[in-house]
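Step one of this worksheet: look at the structure below.
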Amino acid sequence: MTYGIIKNKDGSTYVSPIFALKYAGWKSEAIVFDETFEKIKKIEMWNSGFSGIHRIVFVLENDFDTCGGEFDGYDWVINDKALFKALRSKKGANIEDFPLFKEYCKDICVPDLFEIKDEKDIAALEDVSFGFHDSLIHEYEEKDGSIVIRFDTTWDCYITVTFDGVVEADFEEKVGQILESEIKKTDEGFSFTVLGGFAGWIDGCDYEAEMGEPYIKCKRIFWQIEIA
């Protein structure tokens, strides 16, 4: 099931199924429940204002083949003209008028810690983190054969990644801000490689370090998200 975290204007959050997605840059949209689960609404995934552009929807799992500019989702949702007409209202659509949504009115159990097991899991992390584009290294720790990095994605969330069972690594003090990264499944487990970015810690340490190609090879990857 496709679902994500929705951030309200007051900063509070809730988890909702996502019934359809349209990726169109800052104009991307999602069809979700409101916080009461009594209405369906179409919301922009980004909010722009005097304080800048902020993320509203954090997709944690995506089963849709989302293409730019058009809604993709469940067929019974995107083909319902009456629903889309109702969604034009800021009040949204009443779930009583669209009973097919009722079976989704249940709590979604979001794990405290996600584990990457396959390509779909890799895609989920890369989606919610935007491939760690523009991310800063907020915290870095090596312990018990693992490397734990808390990334400030600079897109309204922190993501902590545990690279468990490290086989080989060349990372510390080589990365300050990431521009491009890649996670791959390997025979040993997984690899995380920074393909582009700025060297040295952002807090002022070691800015002149050579970028090289920082990487971590490990047996398992776990991650968790914190909405800022």
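Every read-out reported here was derived from the displayed coordinates using simple, explicitly stated rules and does not represent laboratory data. For clarity, every value in this text was computed on a predicted model and none was experimentally measured. A quick note on method: Cβ atoms are made from the backbone with ideal geometry, for glycine too, and the neighbour counts reach across all protein chains shown.
Can you give the charge dipole size of the stretch 1-83 about its Cα centre, rounded to the nearest 20 debye, using +1 on the beta carbon of Lys and Arg and -1 on the beta carbon of Asp and Glu?
Taking the Cα centre of the stretch 1-83 as origin, the dipole is about 360 debye.
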Check your understanding: Which entries in Lys9/Lys41; Lys42/Lys85; Lys27/Lys120; Lys42/Lys120; Lys39/Lys90 show an alpha-carbon gap greater than 21 Å?
Key -> Lys27/Lys120; Lys42/Lys120
**Study point:** Relative contact order (%) - criterion: Cα under 8 Å, at least six apart; region: the chain
**Key:** 15 percent
Review point. Picking from Ala93, Ala124, Ala24, which is most flexible by a Gaussian network model of the chain using Cα springs under 10 Å?
Key: Ala24
Exercise for review: Compute the longest continuous run of the chain that contains no exposed chymotrypsin sites (Phe, Trp or Tyr not before Pro); treat a site as exposed when its DSSP state is not H, G, I, E or B and it has at most 16 other Cβ atoms within 10 Å.
Suggested key: 51-206
**Study point:** With Cα atoms, 0 to 90° folded angle of helix 119-129 axis to the chain main axis
**Key:** 90 degrees
Practice item. Treating only the Cβ atoms of Lys and Arg (+1) and Asp and Glu (-1) as charged, compute the dipole magnitude of the chain about its Cα centre; round to the nearest 20 debye. Key: 1420 debye
Study note, to complete from the structure: For the chain, whose charge dipole is built from +1 on Lys and Arg Cβ atoms and -1 on Asp and Glu Cβ atoms, the candidate among Ile159, Asn94, Tyr104 with its Cα farthest towards the positive end is Asn94
Exercise for review: Considering the options Phe71, Leu83, Gly131, tell which one lies farthest towards the positive end of the dipole of the stretch 46-189, charges being +1 on Lys and Arg and -1 on Asp and Glu at the Cβ, about the Cα centre.
Suggested key: Leu83
Practice item. Determine the dipole magnitude for the stretch 132-192: charges of +1 sit on the beta-carbon of Lys and Arg, -1 on that of Asp and Glu, nothing else is charged, the reference point is the Cα centre, and the result goes in debye to the nearest 20. Key: 140 debye
Check your understanding: List the trypsin sites (Lys or Arg not before Pro) in the stretch 115-156 that DSSP assigns to loop (not H, G, I, E or B) and whose Cβ has at most 13 other Cβ atoms within 10 Å. Which are they?
Key -> Lys117
**Study point:** Calculated on alpha-carbon atoms, Rg and Dmax of the stretch 1-122 in Å
**Key:** 14.4, 41
Review point. When the label point is put 7 Å from the Cα of Lys117 along its Cα-to-beta-carbon vector, which residues of the stretch 143-161 have a backbone N closer than 20 Å?
Key: 161
Check your understanding: Which aspartates and glutamates have a Cα lying under 12 Å from the Cα of Lys219, excluding residues fewer than 8 positions away in the same chain?
Key -> Glu115, Asp164, Glu168, Asp187, Glu188
